[in-house]
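A.B. asks: Structure below; questions to follow.
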Amino acid sequence: MRSSTESVAFDTKAREKAADTFGMWVFIGSEAMLFGAILLVFLIARISYGTAFAAASQRLSLPLGTLNTAVLLTSSFAMVLAHTFTASRRWRPAVWALICTSLLGIVFLFVKAVEYGREFKEGLAPVLGAPFSFTGPDPTHAEFFFALYFAMTSLHALHLICGVAVIAGMLLLWPGTTEASRTHRVQAIGLYWHFVDIVWVFLFPVLYLINR
Amino acid sequence: MSFGIPFTPPEASSIAGSVDMLFYTLLAFTAALGIFLASLVVFYAIKYRAGSKAERTGERARSLPLEVAWTVASLLIAFVIFGWGAALFLRREHPPLDALEIAGLGKQWMWEFRHPGGQREINELHVPVGKTVIVSLASQDVIHSFFVPAFRVKQDAVPGRTTHVWFIADEPGRYHLFCAQYCGTQHSEMGGWVTAMPPEDYAAWLGNQGKGDTLAADGEKLFRALGCSGCHEKSSKVRAPDLAGIFGRPVALENQQTVVADERYLRDSILEPKKEIAAGYDPVMPSFDGIVDEGEMQMLLAYLKSLSPRAATRNEATQ
Amino acid sequence: MSTEALRPSSYLGEGAGPAAWLLTTDHKRVAWLYLMSLTAFFFLGGAFAVLMRVELATPAGDLVSDDTYNRLFSLHGIIMVWFFLVPSIPATLGNFLLPLMIGARDLAFPRLNLASWYVFILGSAFALASVLAGGVDTGWTFYTPLSTLYANGFVSMAALGVFIVGFSTIMTGINFIVTIHTLRAPGLTWFRLPIFVWTMYATALVMVLATPVLAASLILIVLERVFGIGIFNPALGGDPLLFQHLFWFYSHPAVYIMILPGMGVVSEVLPCFSRRPLFGYKAVALSSMAIAVFGFLVWGHHMFVSGQSAYAGVLFSFLSFCVAIPSAIKVFNWSLTLRKGEITFETPMLYALFFLALFTFGGLAGLFLAALAIDVHVHDTYFVVAHFHYIMVGGMVTAYMAGLHFWWPKLTGRMYSETWGRIAATVTFLGFNLTFFPQFVLGFIGMPRRYHTYPPEFQFWHVLSSAGAVVLAFGYLMPLFYLGWSMFRGPRAPANPWGATGLEWQTASPPPPHNFDTMPSVSRPAYDYAMKGLQHETFSPHKDEA
């Protein structure tokens, strides 16, 4: 009974593709509520404890943050390329673009890990009972800033890890996938990747820049 | 009361009557509407049961005027109930002047009260009839809730902030005091009795409780013991704000903002002194977080309030 | 005879054995997987409730210790809310019926659907592990700082379980939204959809948009307990009230996840047994959407005495009265649907009428809670407990039973004993009222909730309530037997035993694997009971039993 569509529910490939994209958008709406809730918590805290947050924000590494922003934006560019290549059925460059995308994702995670390590060493990570030492006004709320910083960036990193894993899985299955499936899988994962990127575009100014 | 079975809670405070008035009015309204709808459904169910000879012509699947009518009617009734409930509720914000302020501290699993004269009691609260009593609530650990059904009052005690509840008991007697917010293992044991007594009995009772120091006096001792007075006294070498009359007064901050020195401000200034620095002073005060517990905090606040006698009775400033 | 031979085998006969069920992507089989797991959770949560009621028969804490009691009500709440009520109708009846009702072969993402069940099972494994390891004692509300700093139960494990189940909820929500948008049969416009589909759509929207906020707050709890990140800890500059805001921002809309599907079921059953179209179809459809939207704006009404600003309280009270209006409209419409009908009282109809009574009653009690001054008195008392049980159990569970009996012939292809069905419905209704009506009185006279022991003057009402719980338990156990019997021995059901409208009745009972032998199209509005040829085949019940 299996037709050429992946889901038995659809008669035509085109309708299925539209449904996949729509489903991805609904999922992104859901994800936006997740990050939105935590971002809202951060903004309320930022209004209440402005000076402490400003001082704490100074201690984040702006060069590493900027580097990561550049890396992630470039990865999104690579994803767009993958998109264009699949649309014009140029499979080999598409695969390379996808590899590029996920490698840049890994670079981002690596830089983030270096940053975390630095913060642990400087005693700025109120995590796992690590000692927290902060000189400056209002260390209590500076600690709150770092608590939120770790919560938000680790949640974002988790999403990025999922994205890299899904691209890797897709590439592993690539040879056995029909051309039409390739196109709409790249489209769906592309939407997700751009969303994760956009989340960072919100996090970066809010955490690194707004308080300077 | 009938056969010893309670149907209603005792009415023992100045607001109990007006809350019950709303309750019973709403009860009458909902009962009438409920009975009307139930009768309607039962009537239809019998009249239009399958095989009955009822007239069925002229059936309709919608009627715009009817639908608009019941929507508008529901809205209007809802707004009336809302307004009534809200008007009664907002009185919580405005206790009458000249109140007796008692400090209440919730901790797992007991209520501890301190009267202005320093008398301390646990899971018992004695109050005079006919006098406004403000209980300022704090919590040592988790969220608790001060609940006296006979007074129709309830207020959560939240760690890290001070909340208030006020009432005027108008009927002498012993009434249940509960913790209404689930607070751990012995939540159901956290409570006791509120005893409302005529003012002269209350005065006599206070007299029999032994001569403890007043809350404010304890606060003053603490103020010295912790070394606060070393900087905040006028003769001190370190320049720190003079605290006389501080409570209820606007304070200019270094960041060009102005805040009213309410309980929240004083508490934060003790625990997180660097958060809001008064204009013109250096941020040199150490934090007393972890040094001052909630009970001691209440003493210090009582002392600071006693330094501005006029403002202390104006409780609105604390909200 | 010949049609029998030509008809492909039903979805039930398509393959037996565990693998054929556990690896199925057929929405009808996934619905059964959910139905089985949810039934187990319902009786587990119910057992906790019965133990609590037995303990509360006397004022002293003589049956179980205080710690045990606290675990009982916490687990009762956690299991009933997240492992029964939230998925109940959507994941079982919704899963089974949604594609049938809109004339589709399956949900848009069949594999995602199966995956959602596995995620549900994974989440349940965490929840059950926390039960077996010693339980949770935070209440289902997980209020901080009790849950983060003081509770000694297995909070992180249970929170993780709820978090994971949230994903299965989101998956179901996405699947439903996409299915309803893209897979409706030709001619099935939005305003021809059965109300059940409308309510599934509204529910799915709330699932997709509210569940992530719950996920966020549970993540923060686990981060605080496991990693020491103090978002809600006042000593670290956090705020315990923040948790309540986040929690209720999810959990109030979740209340509508738990009642909208019930409204959908009743909107199918009442017209069918009245042989009349639903009164005010558009108002009922749009009020479901209104409820879904307004539901996001009223979370603060759980916090009137929490120390939030009094003016916020006034605003939330106002919005809460507004959200009552769409529900009131529905009640009026359901009542008028009966007018000039040809009413019969089979089991689903009895349940639906009981729903109407209990939901109306619980809804009216909600007016008391939305009125600020009264809420101050009855907040956190048995009044609140009674109110939400009237909605969640009297409303949702009764509707669930109505739906289960209504579509049982479609699910299994068999009929059940009508006599036992009516007895069970009546016993449930009586037992329910005996259990929960006394709790309104208890709340008004000041009995706080979550109390292991209580002052002796409250005992009379507690005894009534405990007695009712036993009756109620019987009411819920009975269907287990006669429906179980029907599943294997019941008389064969025709395709459309109730003479109902709706596409799901136009295919065989039980339906073939891909639902329809010829894909249907629609040219009439929903609930067109004036249509010729529709017959109520059970006017003389049990004709097959003879």
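Since every read-out is calculated from the coordinates, none of them should be taken as a lab result. Since the structure is predicted, the reported quantities are computational estimates derived from the model, not experimental observations. Every residue, glycine as well, gets a Cβ built from its backbone with ideal geometry; the counts of neighbours run over all protein chains shown.
A.B. asks: Using only the alpha-carbon atoms of segment C:246-387, report the extent along each of the three principal axes, biggest first, to the nearest angstrom.
C.D. replies: 54, 29, 22
A.B. asks: Would you kindly compute the Cα radius of gyration of chain C and its largest Cα-Cα separation (Dmax), both in Å?
C.D. replies: Just the Cα atoms of chain C yield Rg and Dmax of 23.0, 78 Å.
A.B. asks: Okay, moving on. Residue-wise, which Karplus ³J(HN,Hα) couplings in Hz belong to segment B:140-146, taking 6.51 cos²θ - 1.76 cosθ + 1.60, θ = phi - 60°, and x for glycine or proline?
C.D. replies: 7, 9, 9, 6, 10, 9, 7
A.B. asks: Would you mind putting B:96-103, B:185-192, C:69-76 in packing order, based on average other-beta-carbon counts within 10 Å, highest first?
C.D. replies: C:69-76, B:185-192, B:96-103
A.B. asks: Additional query: Which FRET efficiency value, to the nearest 0.05, do you get for B:Leu97 and B:Ala203 by plugging their Cβ-Cβ distance into 1/(1 + (r/R0)^6) with R0 = 22 Å?
C.D. replies: About 0.60, to the nearest 0.05.
A.B. asks: On to the next question. What are the DSSP H helices in chain C that stretch 15 Å or more along their long axis, judged by alpha-carbon atoms, and whose average Kyte-Doolittle hydropathy comes to at least 0.0?
C.D. replies: Numbers: long enough: C:27-55 (42 Å, 1.02); C:66-78 (18 Å, -0.50); C:110-133 (35 Å, 1.33); C:155-182 (40 Å, 1.66); C:195-222 (39 Å, 2.23); C:240-257 (26 Å, 0.72); C:260-274 (21 Å, 1.22); C:281-294 (20 Å, 1.56); C:310-337 (41 Å, 1.37); C:347-370 (34 Å, 1.84); C:398-412 (20 Å, 0.15); C:418-444 (39 Å, 0.86); C:459-489 (45 Å, 1.01).
In chain C, the long hydrophobic H runs are C:27-55, C:110-133, C:155-182, C:195-222, C:240-257, C:260-274, C:281-294, C:310-337, C:347-370, C:398-412, C:418-444, C:459-489.
A.B. asks: Take every residue in peptide C:177-183, count the Cβ atoms of other chains within 10 Å of its Cβ, and give the average of those counts.
C.D. replies: Working: counts 6, 11, 3, 0, 5, 9, 6.
Whole-number average of other-chain Cβ neighbours for C:177-183 is 6.
A.B. asks: Right, another one. Hey, got the Cα dimensions of chain B along the principal axes, in Å, largest first?
C.D. replies: Largest first, chain B extends 100, 53, 37 Å along its Cα principal axes.
A.B. asks: Also, I was wondering about something else. What list of ³J(HN,Hα) couplings, whole Hz, do you get for segment A:8-25 from phi and the Karplus terms 6.51, -1.76, 1.60, once you set θ to phi - 60° and write x for glycine and proline?
C.D. replies: 5, 6, 9, 7, 10, 4, 5, 5, 5, 5, 4, 5, 4, 4, 4, x, 5, 5
A.B. asks: Kindly express, to the nearest 10 degrees and within the range 0 to 90, the angle between helix B:215-225's C-alpha long axis and the longest C-alpha principal axis of chain B.
C.D. replies: 40 degrees
A.B. asks: Work the Kirkwood hydrodynamic radius out for the protein assembly as shown: mean of 1/r over every pair of different alpha-carbon atoms, inverted, in Å.
C.D. replies: On the way: mean 1/r = 0.0317 Å⁻¹.
For the protein assembly as shown, inverting the mean 1/r across all distinct Cα pairs yields 31.6 Å.
A.B. asks: Just add up the charged neighbours of B:Pro198: K/R +1, D/E -1, any other residue whose Cβ is under 12 Å from the Cβ of B:Pro198.
C.D. replies: It works out to a net charge of -3.
A.B. asks: For segment B:79-221, count all C-alpha to C-alpha pairs, find those more than 27 Å apart, and express that count as a whole percent of the total.
C.D. replies: When every Cα pair of segment B:79-221 is considered, 21 percent fall beyond 27 Å.
A.B. asks: Moving on to the next point. If you take the charge dipole of the protein assembly as shown about its Cα centre, with +1 on Lys and Arg Cβ and -1 on Asp and Glu Cβ, which of C:Thr203, C:Leu160, C:Gly45 is farthest toward its positive end?
C.D. replies: C:Thr203
A.B. asks: Let me ask you something else. Could you tell me how many degrees, from 0 to 90 and to the nearest 10, lie between the Cα long axis of helix B:16-47 and the main elongation axis, the longest principal axis, of the Cα atoms of chain B?
C.D. replies: 30 degrees
A.B. asks: Restricting to chain B, what percent of DSSP beta bridges are antiparallel, rounded to 5?
C.D. replies: About 75 percent, rounded to the nearest 5.
A.B. asks: Put one equal scatterer on each alpha carbon of segment C:73-175, apply the Debye formula with no solvent term, and list log10 I(q)/I(0) at q = 0.25 1/Å to two decimals.
C.D. replies: The Cα Debye sum returns log10 ratios of -1.26.
A.B. asks: For the charge dipole of segment A:1-155, defined by +1 on Lys and Arg C-beta atoms and -1 on Asp and Glu C-beta atoms about the Cα centroid, which residue among A:Pro131, A:Gly117, A:Gly50 has the Cα displaced farthest towards the positive pole?
C.D. replies: Comparing the listed Cα positions along the dipole, A:Gly117 ranks first.
A.B. asks: As a check on your grasp of the helix formula, calculate [θ] at 222 nm for chain C: sum -39500 (n - 2.57) over DSSP H runs of n ≥ 4, divide by the residue count, round to the nearest 500.
C.D. replies: Per the formula, -20500 deg cm²/dmol.
A.B. asks: Moving to a separate point now. Starting from the Cα of B:Ala225, step 7 Å along the direction of its Cβ; do the same at B:Glu124; then give the gap between the two resulting points in nm.
C.D. replies: 2.5 nm
A.B. asks: Beyond 30 Å between alpha-carbons counts as too far, so tell me which of A:Lys13/A:Lys112; A:Lys17/C:Lys330; C:Lys330/C:Lys410; B:Lys131/B:Lys274; B:Lys131/B:Lys275 fall in that bin. Please report the intermediate quantities before stating the final value.
C.D. replies: Values: A:Lys13/A:Lys112 40 Å; A:Lys17/C:Lys330 37 Å; C:Lys330/C:Lys410 27 Å; B:Lys131/B:Lys274 39 Å; B:Lys131/B:Lys275 38 Å.
Those over the limit are A:Lys13/A:Lys112; A:Lys17/C:Lys330; B:Lys131/B:Lys274; B:Lys131/B:Lys275.
A.B. asks: Just to confirm a number: summing +1 for Lys and Arg and -1 for Asp and Glu over residues other than B:Leu105 whose beta-carbon lies under 12 angstrom from that of B:Leu105, what do you get? Display every interim value, and only then the final one.
C.D. replies: Details: positive: B:Lys107, B:Arg114, B:Arg120; negative: B:Glu112, B:Glu121, B:Asp141, B:Asp293, B:Glu294, B:Glu296.
Taking every Cβ under 12 Å from that of B:Leu105, the sum is -3.
A.B. asks: Applying the Karplus parametrisation 6.51 cos²θ - 1.76 cosθ + 1.60 with θ = phi - 60° to the phi angles of segment A:178-187, what ³J(HN,Hα) value in whole Hz is obtained for each residue in order, glycine and proline being reported as x?
C.D. replies: Calculated HN-Hα couplings, in order: 5, 4, 5, 5, 4, 4, 7, 5, 4, 4 Hz.
A.B. asks: So if R0 is 30 Å, what FRET efficiency would A:Leu171 and C:Ala185 give, r being the distance between their Cβ atoms, rounded to the nearest 0.05?
C.D. replies: Efficiency, from the Cβ-Cβ distance: 0.20.
A.B. asks: Given a cut-off of 23 Å, what percent of all Cα-Cα pairs of segment B:215-318 lie beyond it?
C.D. replies: Summing the P(r) of segment B:215-318 above 23 Å gives 19 percent of all pairs.
A.B. asks: Something else: Computed over the Cα atoms, what is the radius of gyration of segment C:1-145 divided by 2.2 N^0.38 Å, N being its residue count?
C.D. replies: Compared with the compact-globule rule of thumb, segment C:1-145 sits at 1.36.
A.B. asks: Return the long-range amide H neighbours of B:Thr132 (sequence gap of 5 or more, or a different chain), with a cut-off of under 5 Å between placed amide H atoms.
C.D. replies: Close amide H contacts, sequence-distant or interchain: B:Leu100.
A.B. asks: Would you mind telling me which residue in B:Val165, B:Val238, B:Val19 has the biggest mean-square fluctuation in a Gaussian network model of chain B, where springs connect alpha carbons within a distance under 10 angstrom?
C.D. replies: Answer for the Gaussian network model of chain B: B:Val238.
A.B. asks: Quick one: plug the Kirkwood hydrodynamic radius of segment C:262-341 (C-alpha pairs) into Stokes-Einstein at 10 °C, 1.306 mPa s, and report D in µm²/s.
C.D. replies: The calculation lands on 113 µm²/s.
A.B. asks: Taking the Cα centre of segment B:182-319 as origin, work out the dipole magnitude from +1 charges on Lys and Arg Cβ and -1 charges on Asp and Glu Cβ, in debye rounded to 20.
C.D. replies: 520 debye
A.B. asks: May I ask what percent, to the nearest 5, of DSSP beta bridges between residues of the protein assembly as shown are antiparallel? Let's see the in-between values first.
C.D. replies: On the way: 35 of 48 bridges.
Here the antiparallel bridges make up roughly 75 percent for the protein assembly as shown.
A.B. asks: For B:Val153, what residues show an amide H to amide H distance below 5 Å, using hydrogens built from the backbone and excluding near sequence neighbours?
C.D. replies: For B:Val153, the qualifying residues are B:Val148.
A.B. asks: Once you place label points 7 Å from the Cα toward the Cβ at C:Arg225 and C:Ala40, how far apart are they in nm?
C.D. replies: A separation of 2.3 nm, rounded to one decimal place.
A.B. asks: Rounding to the nearest 10 and keeping the result within 0 to 90°, find how far the Cα-based axis of helix B:199-208 lies from the longest principal axis of chain B.
C.D. replies: The angle comes out at about 40 degrees.
A.B. asks: Okay, moving on. Quick check: residue separation of B:Gln186 and B:Arg60 times 0.36 nm, minus the Cα distance between them. What number comes out in nm?
C.D. replies: 39.5 nm
A.B. asks: Is there a quick way to get the dipole size of segment C:29-506? I mean about its Cα centre, with the Cβ of Lys and Arg at +1 and of Asp and Glu at -1; what is the value in debye to the nearest 20?
C.D. replies: Dipole about the Cα centre, nearest 20: 1580 debye.
A.B. asks: Right, next: If R₀ is 56 angstrom, what is the calculated FRET efficiency for the pair B:Asp293 and C:Ser523, using the beta carbon separation as r and rounding to 0.05?
C.D. replies: So the FRET efficiency works out to roughly 0.15.
A.B. asks: Around B:Leu125, which amide H atoms from residues at least 5 apart in sequence, or from another chain, sit under 5 Å from its own amide H, with H modelled in the peptide plane?
C.D. replies: Under 5 Å from the amide H of B:Leu125: B:Trp193, B:Val194, B:Thr195.
A.B. asks: Of all trypsin sites (Lys or Arg not before Pro) in segment B:236-275, which ones are in loop regions per DSSP and have a Cβ with at most 13 other Cβ atoms within 10 Å?
C.D. replies: B:Lys237, B:Arg239
A.B. asks: Between B:Thr258 and A:Trp91, what is the label-to-label distance in nm when each label sits 7 Å out along the Cα-to-Cβ direction?
C.D. replies: For B:Thr258 paired with A:Trp91, the spin-label model returns 7.5 nm.
A.B. asks: Where nothing but the Cβ of Lys and Arg (+1) and of Asp and Glu (-1) is charged, how large is the charge dipole of the protein assembly as shown around its Cα centre, in debye to the nearest 20?
C.D. replies: 3320 debye
A.B. asks: Kindly state, as a whole number, the per residue volume in cubic angstrom of the convex hull around the alpha carbon atoms of segment A:13-209.
C.D. replies: 110 Å³
A.B. asks: I would also like to ask the following. Rounded to two decimals, what is Rg over Rh for segment A:1-97 when you use alpha-carbon atoms and the Kirkwood radius?
C.D. replies: 1.18
A.B. asks: As I understand it, the dipole of chain B uses +1 on the Cβ of Lys and Arg and -1 on the Cβ of Asp and Glu, about the Cα centre. Which of B:Gly58, B:Val142, B:Gly248 lies farthest toward its positive end?
C.D. replies: Checking the options against the dipole of chain B, the answer is B:Gly58.
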